[in-house]
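Enquirer: One structure, pasted below without further comment.
The values are calculated or read from the model by the stated rules, or taken from the named source; none is laboratory data. Treat the numbers as computed from the prediction; the structure is a model and nothing was measured. Virtual Cβ from ideal backbone geometry, glycine too; neighbours counted across all protein chains shown. Calculation scope for accessible area: heavy atoms of the full protein, side chains included, ligands and nucleic acids excluded. Shrake-Rupley method; radii C 1.70, N 1.55, O 1.52, S 1.80 Å.
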Amino acid sequence: MSGGSATLRRAALVGAALIVAGTAAGSAFDRQARRAPLPGDLRPGFGWLTAQADTQASLNRDDPAAALSDAKRLVRRDPADAEALGKLGTAALDAGDDALAYRAFAVSGTLGWRDASTQFYWLAAALAGGAMPIAVDRADALLRVGTPVADLDEQLTRIEASAQGRTLLATRLRDGVPWATAYLLSMVGDDNQVRADRAATLARAGVPKGRDCTVIGYRISGLVGAEAIDAGYRLGRAAGCVDAVSTTGRLALPFGGGLGNVFDWSLAGDADLASGVDVPPGGKNSDTLWVESAAGIDIVAAQRLLLLQPGRYRITASVRDAEGAPSQGADARLACVGGAAGAATDLIDAAGTFAIPAQSCQAQMLTIHVAGGQASRRLWIGGVTVQRLG
């Protein structure tokens, strides 16, 4: 259990009237917070460091009376230190002195935004009072100082459950906050409503500034992880970071596309497999996959997500050995994923054609399999193309 999470739960016990007052005060404090260096003769010395260590030890062993005594001693030694005041507020909450906790956190709020205890306190206050702008500010501050996203799961879920909270979070993501990648890659659990709220937040964020396909790729992955595959695809298309079937019904799928998301090729990692993307013998472009498999069984060498509409298609690919001769050592397979797709059954028949059903196949995973028994002989795989037939 993190200290920040424990502080949040304790802060939630503060009285409702106090919380509403504290919410407004905390917002005003943080807007005007400016930490000026203290004069040299007031800088804390070794005694302050000893007091700080004593306070932390008391908090860690869950001794409210000792923690409160140590924290008061710490603040007396340095009454203008946000961390010291945060420890006093935490100790006061443990000891049941909500009024003292409020005073300590109110003052620490004027001294900057880097003390996690202070931010957790005002985050709890804002959520309890329904003040979403302040709650998002506090969550932003915590994430900026390195608080793991997982430690804010409960609070982010409450923010995302609010339409205003989703809009405010989406604005931060669109502006490119430093914690965006960690947020986008965080897990959201199995609750359908929580997934829907996370997907709605990401979709509302839209294309971030700069249109960097690597950054957008993280956002697409977040949407796909929240089972909002179609929203992720639309975002990728809007940013030019996802390939689509052309007006002639053709979709070329070169390797090394550099799109940097789940709708691009991802090479598998396996101890028995070596692979890369390079210029094939006699070729000109670095868009062909080479593989060398020492496995005795079929092994996946690469995969990518597709979002093909219902209909019939044909897939073609070129597989050649190191001398350029055609080879049967690898093949492409396609399976429905997402929603009620069920088992990952290969849709491609012996003629290379397949049908996307109208139901239960909102997305598809295309994989390249290398046959077992290749004895590390090099194969070149390229020219992967999907053509719509009707």
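Enquirer: Need a quick list: helices (runs of 4 or more DSSP H) entirely within the stretch 90-182 having at least 3 residues that are over 19 Å from residue 74 (Cα atoms). First the steps, then the outcome.
Expert: Working: elements: 98-108, 116-129, 132-144, 153-160, 163-175.
Helices (runs of 4 or more DSSP H) meeting the threshold: 116-129, 132-144, 153-160, 163-175.
Enquirer: Here is a further query. What are the residue pairs meeting all of these: first residue in the stretch 283-303, first residue without any contact (Cβ under 8 Å) to a residue 40 or more places away in the chain and open to solvent by 60 Å² or more (accessible area, probe 1.4 Å), second residue outside any loop (DSSP other than H, G, I, E, B) and among the β-branched types (Val, Ile, Thr), Cβ atoms under 7 Å, and 6 or more apart or on different chains?
Expert: From the stretch 283-303, the pairs are 286/277.
Enquirer: Considering the stretch 312-335 alone, what residues qualify as being at pLDDT below 90 and not in a loop (DSSP other than H, G, I, E, B)?
Expert: none
Enquirer: I've got another one for you. Looking at the stretch 214-232, can you tell me whether even one residue there is modelled with pLDDT under 75, open to solvent by 60 Å² or more (accessible area, probe 1.4 Å) and more than 17 Å from the chain's Cα centre (by Cα)?
Expert: No: zero hits.
Enquirer: Working carefully through the options 366, 379, find the one that is under 29 Å from the mean Cα position of the chain (by Cα) and assigned to a strand (DSSP E or B). Break it down into steps so the answer makes sense when it comes.
Expert: Working: 379 fails: under 29 Å from the mean Cα position of the chain (by Cα).
Among 366, 379, only 366 is under 29 Å from the mean Cα position of the chain (by Cα) and assigned to a strand (DSSP E or B).
Enquirer: Among the residues of the stretch 100-144, count how many are in contact with a Leu (Cβ under 7 Å, 6 or more places away or on another chain), open to solvent by 10 Å² or more (accessible area, probe 1.4 Å) and of a type outside the set (A, V, I, L, M, F, W, C).
Expert: Final tally of qualifying residues: 3.
Enquirer: Further question on the same structure: Take the residues in the stretch 145-184 that are hydroxyl-bearing (Ser, Thr, Tyr) and closer than 25 Å to residue 214 by Cα; name whichever of them is least open to solvent (accessible area, probe 1.4 Å).
Expert: As a first pass, look at the stretch 145-184 and keep what is hydroxyl-bearing (Ser, Thr, Tyr): 147, 157, 162, 167, 171, 181, 183.
If we keep only those that are closer than 25 Å to residue 214 by Cα too, we end up with 147, 167, 171, 181, 183.
Numbers: 147: 22, 167: 59, 171: 50, 181: 55, 183: 1 Å².
The extreme case among them is 183.
Enquirer: Name the single residue that is nearest to the chain's Cα centre (by Cα) among those in the stretch 89-98 being open to solvent by 20 Å² or more (accessible area, probe 1.4 Å) and touching a residue at least 60 places away in the same chain (Cβ under 8 Å).
Expert: The extreme case among them is 94.
Enquirer: Still on this structure, I have one more. Can you find even one residue in the stretch 241-261 that is out of contact with any strand residue (DSSP E or B) (no Cβ under 7 Å at 6 or more places or on another chain), over 30 Å from residue 372 (Cα atoms) and part of a helix (DSSP H, G or I)?
Expert: Within the stretch 241-261 (the criterion being out of contact with any strand residue (DSSP E or B) (no Cβ under 7 Å at 6 or more places or on another chain), over 30 Å from residue 372 (Cα atoms) and part of a helix (DSSP H, G or I)), the answer is no, since none of the residues qualifies.
Enquirer: Can you tell me which condition residue 236 does not meet? The list is (1) under 20 Å from residue 361 (Cα atoms); (2) assigned to a loop (DSSP other than H, G, I, E, B); (3) at pLDDT 75 or above, and all the others hold.
Expert: Here residue 236 clears every test but (2).
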